[in-house]
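These notes are about the structure you will find just below.
Coordinate-derived values only; no laboratory data. Computed from a prediction, not measured in an experiment: that's the story for all the values here. Ideal geometry is used to build each Cβ from the backbone, glycine not excepted, and the neighbour counts take in all protein chains shown.
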Amino acid sequence: MNENGRSIVAFTMVSHAIVHTYELSIPILVVIWLSEFSVTTATIGTIVAVGYALFGIGALPSGILADRYSTKSMVLIGLAGMGASFLLLSAAQGTATIALALGLWGVFASVHHPASLSLISTGVSESGTGFAYHGMAGNLGIAFGPLVTASLLIVFDWRIVSALLVAPAVLAVAYALTAEFDEMAAVDVDGDADDGDRSDGPDSIGAFLADSRALFTLGFALAMAVVLMNGVFYRGVLTFLPDVLGGYLPDVSGTIGLFAPDSPMARKFDLASYLYAGLLTVGIAGQYVGGKLTDRIPVSAGLAAVFGALVVLAVAFIPVAEAGLWPLVAISAVFGFVLFSIQPLYQAAIAVYSPPDGRGLSYGYTYLANFGIGAAGAALAGFLLDVTTVGQTFLALALVPAAGAVVALVLYSVVDVE
């Protein structure tokens, strides 16, 4: 990879890690908000769902804009906006400000995926390697964002932690302002573009609708349904998981003896947050295995198998958690591994069932479904936890991957077998 490509990949990796650091720090903060503001899980679930929904809904217009304007500038705006959103969050005195801050975060975060993926595809000649590094950075943000947030909360109030989380975005913007690269280097070589001009993509509503109709074949529509099912389940289980885990873990001072009883560390240390971070870390291995599976089996068959495994895990999770600490740790590790192994499979499915010249638009629709509509899972889980038990909530959420498995089997039997 040449110097231009390395500069672009480094730039997009930093942004990707920060996006998911913020995204997965939110469930850690949810635990605190539930106690500090005395609100129901349904209320907090809806507030979080709005922010996550905008994260996905904004992906479609961002994808269109990324075909026409400087993607570096777009990513910069996204980074600055995410930092400003968490600065606003640090000043929140009630749920209204939290809702506003998370909504703004969702809008600015939605810029990253379409813009960065477009930037890699046009500026990096070895784009496959660029996409791989970009994905790895996102995984690190997913895993270590909650870990950093939980660790800071031991020492600081959540508002101070929110303010401290602004620092990564500030540093990323400072680096990006000094980074120099040619956004169109990979296509300039072939004479397809010059002077960094981006003029692809639909230039009218009619053209956008025509491109969308061409994109939505039966195979792509079914693949999008799979992405949607994944998004709803992903948000549904992860948003309140730290709070759920806390109900089944022993006291760190009394039972485990990690800290002296009634010490400040014992009061602030949240073992559930660390188990949650560990679950997400195991997900990195799941993504690697899922990626390897895409080279060995039809992606639709792999999707059906993973969705089936998620059904079993969702049904078994609470009964196993009630059996004790180590059974809970074990099933959490397996759950994290399987939950994240599906991501490379559905990403490969989108590539399989979309035309090469429609990939930019397909990115927008993919993240609209996964992050946007899928955000309803947070509100759904919050509502279920408010009106029923944790065990029944997990049983209800198990219906989502069950539906996903059915769609994947239809995709395999109707489209792949033909």
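Starting from 0.36 nm per residue, how many nanometres of slack lie between Val387 and Glu322 once their C-alpha separation is accounted for? All intermediate terms of the calculation are to be shown ahead of the outcome.
Numbers: separation 65, 0.36 × 65 = 23.40 nm, distance 2.06 nm.
Gain in length upon complete extension: 21.3 nm.
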Exercise. Can you tell me the relative contact order of the chain? Whole percent, Cα pairs under 8 Å, sequence separation 6 or more.
Key: 28
Quiz prompt | Rg and Dmax [Cα atoms of the chain; Å; Rg one decimal, Dmax integer] | solution = 21.2, 69
Quiz prompt | Sites matching chymotrypsin sites (Phe, Trp or Tyr not before Pro) across region 267-372 that sit in DSSP coil, with at most 13 neighbouring C-beta atoms within 10 Å | solution = none
Quiz item: What does the convex hull of the Cα atoms of region 201-418 come to per residue, in Å³, rounded to a whole number?
Solution: 140
Quiz item: Out of Ala272, Ala179, Ala403, any idea which swings most in a Gaussian network model of the chain, alpha carbons joined below 10 Å?
Solution: Ala179
Practice problem: List the relative contact order of region 201-418 as a percent without decimals, with contacts defined as Cα pairs under 8 Å and 6+ residues apart. | Solution: 40
Quiz item: What is the ratio of the Cα radius of gyration of region 1-119 to 2.2 N^0.38 Å, where N is its residue count, to two decimals?
Solution: 1.15
Quiz item: Given R₀ = 45 Å, FRET efficiency for Asn2-Asp157 by Cβ-Cβ distance, to 0.05?
Solution: 0.45
Quiz item: By how many degrees, 0 to 90 and rounded to 10, does the Cα axis of helix 112-123 deviate from the longest principal axis of the chain?
Solution: 40
Quiz item: Under 5 Å between amide H atoms, partner at least 5 residues away or on a different chain: which partners does Val124 have, H built in plane at 1.01 Å?
Solution: Ala186
Quiz item: Which of Phe181, Phe11, Phe233 moves the most in a Gaussian network model of the chain with Cα springs under 10 Å?
Solution: Phe181
Self-check item: Integer Hz, Karplus 6.51/-1.76/1.60 couplings in order for region 276-290, x for Gly and Pro
Solution: 4, 5, x, 4, 5, 5, 4, x, 4, 5, x, 5, 4, 5, x
Quiz item: Which of Leu209, Leu271, Leu117 moves most in a GNM of the chain, Cα contacts under 10 Å?
Solution: Leu209
Quiz item: If each of Arg213 and Ala285 carries a label point 7 Å out from its Cα toward its Cβ, how far apart are those two points in nm?
Solution: 5.0
Quiz item: Longest exposed-loop-site-free stretch of the chain, with trypsin sites (Lys or Arg not before Pro), DSSP loop and at most 16 other Cβ within 10 Å?
Solution: 69-295
Self-check item: For region 75-80, 3J(HN,Hα) per residue [Karplus equation, 6.51 cos²θ - 1.76 cosθ + 1.60, θ = phi - 60°, Hz, x = Gly/Pro]
Solution: 5, 4, 4, x, 4, 4
Quiz item: Helix 166-178 versus the longest principal axis of the chain: what is the Cα-based angle in degrees, 0 to 90, to the nearest 10?
Solution: 20
Quiz prompt | Long-range amide H partners of Asp157 with built H, under 5 Å | solution = none
Exercise. At 0.36 nm per residue, minus the direct Cα-Cα distance, what do Ala96 and Val410 gain on full extension? Give it in nm, one decimal, please.
Key: 108.7 nm
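Want the number for Thr178 to Ala396: 0.36 nm per residue separation, take away the alpha-carbon distance, what's left?
Here the segment from Thr178 to Ala396 would lengthen by 73.5 nm.
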Quiz item: Which value results when the Cα radius of gyration for region 1-199 is divided by 2.2 N^0.38 Å?
Solution: 1.07
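If neighbour count is taken as other Cβ atoms inside 10 Å, put Val390, Val226, Val170, Val9 in order from fewest to most.
Val170, Val390, Val9, Val226
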